[in-house]
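For reference, the structure is listed below as structure tokens.
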Amino acid sequence: MDQRKIGGFIAVLRNEKGMTQAELGDRIGVTNKTISRWENGNYMPDISVIPMLCAELGISANELLYAERLMDSEFKEKADGHLMETLNHIKNFKHEKSCIDFLTGAGTGIVLSCMYSPYSTKRTIVLFIGVVMIAFGWYKKAKYDKKIFQYLGDGKDD
């Protein structure tokens, strides 16, 4: 999905309908600032407003996500392609989440188990490894969250 292309497509369709950003925003329950951010490619429409946005612009959700009008002959092909792309993203997100859970969970387990072991150099090294695993898990989680929000759009309505 290309945010800028989708934003430009929204602007073209809105202008074809003779609506201002404020009018479109009023019809779907967002501010004109939000419409402007979509059209500039800074944000994606929140999933909750996509059905209303598509209805107002007279397009399907697939046409919005591909940022082009689709003929009936290519509609199924594009819809299938979009579905496969989405499923691949979900698969990758699940894998990343599993890695994050492993790092933070195993790191926590290591740290907790070291708390009850006698003081030694080995304990210090293992404790350090546990803390590094937790920190790396948190770092990966922050990047993961950012990626999820970018993929879904952050839904801000300021």
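The values are calculated or read from the model by the stated rules, or taken from the named source; none is laboratory data. Given the structure is predicted, the values throughout are model-derived calculations rather than measurements. Quick reminder, even Gly has a Cβ in these numbers, built from the backbone with ideal geometry, and neighbours come from all protein chains shown.
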Got at least one residue in segment 97-111 being of a type in the set (Phe, Trp, Tyr) and either surrounded by 13 or more Cβ atoms within 10 Å (Cβ to Cβ) or under 30 Å from GLY7 (Cα atoms) (or both)? no
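The rows are residues; the columns are (1) surrounded by 15 or more Cβ atoms within 10 Å (Cβ to Cβ); (2) assigned to a helix (DSSP H, G or I).
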position	(1), (2)
LYS5	no, yes
LEU13	yes, yes
LEU24	yes, yes
THR34	yes, yes
TRP38	yes, yes
MET44	yes, no
PRO51	no, yes
CYS54	yes, yes
Quick check: anything in segment 104-123 modelled with pLDDT of 85 or more, touching a Lys or Arg at 6+ places or on another chain (Cβ under 6 Å) and not in a helix (DSSP H, G or I)? yes
